[in-house]
Structure formats: structure tokens, C-alpha cells
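The values are calculated or read from the model by the stated rules, or taken from the named source; none is laboratory data. Just so we're clear, the structure is a prediction, and the values are computed from it rather than from any experiment. We place every Cβ from the backbone using ideal geometry, glycine too, and count neighbours over all the protein chains shown.
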Amino acid sequence: MPNKCTRLGFAGFCKTDIILYLARILTCLGESVAIVDLSGEQGLRLSVPAGIYSDDRLDYRGVEVFLNCANNSVTEETQSNHSMVLLDYGVNTKALESMMELRTLFIVTDLQRHHAVPLASFLEHLQGPTDSVRIIRDIVPGKIRPRYIDSLLQAGQHTNLLAKYEFSFDGVEYSQRLLSQYDDIFRFTKITESFKSMLLEIIVELLGYDRKTAVKAFKKAQHGG
């Protein structure tokens, strides 16, 4: 892979585990990885071990995590010292200036209105073409369907939409997601096949890694590597 910094953005909600999973896989692929929490919620502080005790910066098993960055842009130092930077925007419009040269923006939500509506408002503030991937999670039977959430988000109007992923609620996967917040060394061996396929497609199709190498790194990361 090229030595220049690749930046992936994450907007919305219910995305912390995705960020952590990708960070572990990329680390197992030999990348120098940083996570920057630009969100107002600062959910990563409660998901990364020892994050709650850190003011702004910590190392989690080789991944450098920058917390409390909601009012700050990403520094040049962060970009130059890492080959992969994962930026958690939440729905913080103040952080939009750091979206320059973003490889892909992951737009993540569930069906809850208090998540979808603020995310839709955030997307309205985007400026310039941005490649994106839309992910809707925890889908349950009922009146509210992904098509309706898409009508709220209008992701295809505000970004260049590359792909869409939709995941039904799965109790085992949800339990695995919780472990990423509570375990010191989390594993994600019990995610669904469809979720696994999404992660591998991001690594192989979007980021361009050899599939055999990606699968090997994925399995290592899954088991806590």
C-alpha cells in the first residue's frame, strides 16, 4: 500500500465497534493507525480501555487514539505519523473542515429517529463531492424500513454513494458489539456473515488489499490479535 495517509470518516451513530474492528484489522495488516474522535458524544472514550481516564491521547495496542477533539481539526502531525487515520465525526458540523481529502465517509445509523434526523442535518452541511458508504443497523420488522431512513438522510444527494449495507437486529452480534466497550482485549468472532463480508469488502474492494492477506489479518484481529 502507498505510504501516504489514507483517511476514513465515520458520521452518525452505532459505529464505534466498526471503527475499532477496522483499526484492529488494519493494524494486523501492518498499517500505522490512528483514531481521532471529533464527535460531540465522545463515545470512543468509553469504548477504548483506559479512555475514560485519559484527557486527550492514548495508545491502545498499537493504535494511537486522540480524544476530546470535537473543537479541533486534525493536526498535520497526526497525518504524517500514520498511514491510516479513522475520524469519528458523530454529527459534529464544526469538524467538517477536517473532511478535506477524505477517502470515504461511512454514514451509519439505526432506525431510531433521534439518530436519523440529526445525521440528516449533518449531511446537509457537507460541501464538495465525498465518496460514501451508507450503513443501517439493527433493522427490525415494522413500519419503519431502510427506505424511509434513506428518504430522511438523502445520502445520495449530498455524497457520491458507493455502496449500501443493511443489517437486521441480531442478539449475538449485539452482544459482541457490547464487548468492544467492556473488554480490555475485545474479539469479534461472533459477528454475522453479512457483517464480516462488509468489513472484508471495505478492506479489499475499497482499500485495495489482496484478499488472501486481508482474510489472514481479519482472522487474527477477530481473535484479539
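If Gly171 satisfies all but one of (1) under 20 Å from Phe13 (Cβ atoms); (2) of a type outside the set (S, T, N, Q); (3) touching a residue at least 12 places away in the same chain (Cβ under 8 Å), what's the number of the condition it fails? Just one mismatch for Gly171, condition (3). Close contacts from region 83-102, counting a first residue that is over 11 Å from Ala70 (Cα atoms) and a second that is of a type in the set (Phe, Trp, Tyr) and surrounded by fewer than 20 Cβ atoms within 10 Å (Cβ to Cβ), with Cβ to Cβ under 9 Å and a gap of 6+ residues or different chains, come to none at all. Candidates in region 1-33 are the residues that are in a loop (DSSP other than H, G, I, E, B) and in contact with a Gly (Cβ under 8 Å, 6 or more places away or on another chain); of these, the one that is surrounded by the fewest Cβ atoms within 10 Å (Cβ to Cβ) is Met1. Comparison of Ile144, Ile185, Ile149 shows that the only residue that is of a type in the set (Val, Ile, Thr), farther than 22 Å from Leu20 by Cα and not in a helix (DSSP H, G or I) is Ile144.
Leu102 meets all of the listed conditions (1) surrounded by 14 or more Cβ atoms within 10 Å (Cβ to Cβ); (2) over 14 Å from the mean Cα position of the chain (by Cα); (3) closer than 27 Å to Cys28 by Cβ but one, namely (2). Selection of region 152-174 for residues being closer than 23 Å to Gly128 by Cβ, of a type outside the set (Gly, Ala, Ser) and in a strand (DSSP E or B) yields Asn160, Leu161, Leu162, Lys164. Screening Asp184 with (1) in contact with a helix residue (DSSP H, G or I) (Cβ under 7 Å, 6 or more places away or on another chain); (2) over 21 Å from Ser121 (Cα atoms) gives one miss only, at (1). Which of the residues spanning region 194-215 are within 19 Å of Met84 (Cα to Cα), of a type outside the set (Val, Ile, Thr) and part of a helix (DSSP H, G or I)? Once the filter is applied, which keeps residues that are within 19 Å of Met84 (Cα to Cα), of a type outside the set (Val, Ile, Thr) and part of a helix (DSSP H, G or I), region 194-215 yields Met198, Leu199, Leu200, Glu201, Glu205, Leu206, Arg211, Ala214. Scanning region 51-70 for residues that are of a type outside the set (Phe, Trp, Tyr) and at pLDDT below 80, which turns out nearest to Leu20 (Cα to Cα)? Looking at residues that are of a type outside the set (Phe, Trp, Tyr) and at pLDDT below 80, I get Gly51. Restricted to region 77-95, and to residues there that are in a helix (DSSP H, G or I) and under 21 Å from Leu26 (Cα atoms), the residue that is modelled with the highest pLDDT is Asn81.
Matching residues to (1) out of contact with any Pro (no Cβ under 9 Å at 6 or more places or on another chain); (2) more than 28 Å from Glu101 (Cβ to Cβ); (3) modelled with pLDDT under 95:
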position: Gln127; (1), (2), (3): yes, no, yes
position: Thr130; (1), (2), (3): yes, no, yes
position: Val133; (1), (2), (3): yes, no, no
position: Asp138; (1), (2), (3): yes, yes, no
position: Gly142; (1), (2), (3): yes, yes, no
position: Arg147; (1), (2), (3): yes, yes, no
position: Gln154; (1), (2), (3): yes, no, no
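Figure legend. Inter-residue proximity from region 143-165: first residues surrounded by 15 or more Cβ atoms within 10 Å (Cβ to Cβ), second residues aromatic (Phe, Trp, Tyr) and modelled with pLDDT of 95 or more, beta-carbon distance below 9 Å, spacing 6+ or different chains. Indicated pairs: Tyr165/Phe195. Scoring Ile191 on the criteria (1) in a strand (DSSP E or B); (2) surrounded by 17 or more Cβ atoms within 10 Å (Cβ to Cβ) leaves a single failure, condition (1).
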